[in-house]
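Below is one structure, written out as structure tokens; comments come after it.
The values are calculated or read from the model by the stated rules, or taken from the named source; none is laboratory data. Every value quoted in this text rests on a predicted model; they were computed, and no experiment measured them. A quick note on method: Cβ atoms are made from the backbone with ideal geometry, for glycine too, and the neighbour counts reach across all protein chains shown.
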Amino acid sequence: MDSLPGIVFQSANDQDWSMQYLSEGCLGLTGYSAQALLRGDDGITYTHITHPEDLPRVIDTIRRHGEARQPYEVEYRIQTRSGEQKWVWEKGIFVTDEAGQVVGLEGFITDITPLKQSEVALRVVEQALRSRESFLHLVLDSIPQPVFWKDRHSRFLGCNRAFAETMGLPNPQAIVGKTDADLSAISAEDMAYYQACDRLVMERNQPDIHALEPQRYADGQQRWIDCSRLPMHNEDGEVIGLLAIFSDITDQILAHQALKTREAYLSVISALQHQLLSWRSDWKDPDLMAIFASLGQLSGASRVYGYELFEGSAPAGEPGQLLLRQRFEWSAPGIPSTTHLPEFQVLPVVPLFEDWFEQLAQGRCINLTQDQ
């Protein structure tokens, strides 16, 4: 027993479980000889070198296990003769007499200081990693554009807060382990498209930058996004997933479309103006008809009418009354023509178009919606 790298001990069943035997390993562990601690030289016993903050816990552990007659294990600190603090691990069993009464302890004490130092170092590293991870999440959550990253199987490994909100998730952690199929905002068609894009990036090991894609948000809005996907690599340069970031460019697209529509309107109006300036009252002029057709298609109208103002007498009307005579009509595909209906051929200005006539006579334009 004296050759073991630790202390084999026996103790009495008294208030402090005083040591009655310590093996020679005591000197290497504590700096005190076994005899010195057993005699209590200079008032120093094993109980005295046990750290005062740990001693009550050690005594309580022994007491509780003694009541249940069960072996115990406990870790605590000791102060060596040189002043060094060490961590030790103690395991003991209770010795009973013939009547089953506890009369003492037998056990083993060994140095676990290197293990404790490793645990402390590990906690320091873990705390540093948690701090770095918290800082990384803080940075990511500060990015207004949605960001997410996936593994090789298109499973989400994480995202920032902007992406979580876009997908209707309570927080970024809720995305971990999910796929596009688990997100209610993403349709089956969109899911197939996104995963195909993911595979291309990872299989080719090449980024896909500024791809224009449809994106449905959790609130049901269908938007357009500018999405970039980049492959992620491990230390060996192998592709282990992808990182993606996108921006909502719906407003820019709508603004661009509105600008194109305005330019198209201006182009048609300019051509119409030029045609009208050179017009020789030929209502069947194919160029004139083509321009009005373009105007109808551009505006999304069902019909475009051309009416000529004249004075005459409408049915049940008065002589000299201002009238409008239909000279041509363009109808959108699927919209029936009205050219065969008499009620559309000649219309009185008053009262149907009295307000319009006054505005047009002043050179003003009229722009009304269907509801108006």
Quiz item: Residue check: is PHE94 part of a strand (DSSP E or B), touching a Phe, Trp or Tyr at 6+ places or on another chain (Cβ under 9 Å), in contact (Cβ under 8 Å) with a residue 24 or more places away in the chain and outside the structural domain of GLY25 (by TED's automatic domain parsing)?
Solution: no
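Conditions tested, residue by residue: (1) loosely packed, with under 14 Cβ neighbours inside 10 Å; (2) of a type outside the set (Lys, Arg); (3) free of Cβ contacts under 8 Å to residues at least 60 places away in the same chain.
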position	(1), (2), (3)
ASN171	yes, yes, yes
LYS178	no, no, yes
ALA181	yes, yes, yes
GLU213	no, yes, yes
GLN222	yes, yes, yes
LEU243	no, yes, no
Practice problem: Return a yes/no flag: does the stretch 158-167 have any residue that is farther than 16 Å from LEU242 by Cα and either in a loop (DSSP other than H, G, I, E, B) or at pLDDT below 90 (or both). | Solution: yes
Practice problem: Any chance you could count how many residues in the stretch 43-85 are touching a helix residue (DSSP H, G or I) at 6+ places or on another chain (Cβ under 9 Å), without any contact (Cβ under 8 Å) to a residue 24 or more places away in the chain and part of a helix (DSSP H, G or I)? | Solution: 2
Exercise. Select from the stretch 1-22 the residues that are modelled with pLDDT of 85 or more and among the hydroxyl-bearing types (Ser, Thr, Tyr) and write down the one among them that is farthest from HIS51 (Cα to Cα).
Key: TYR21
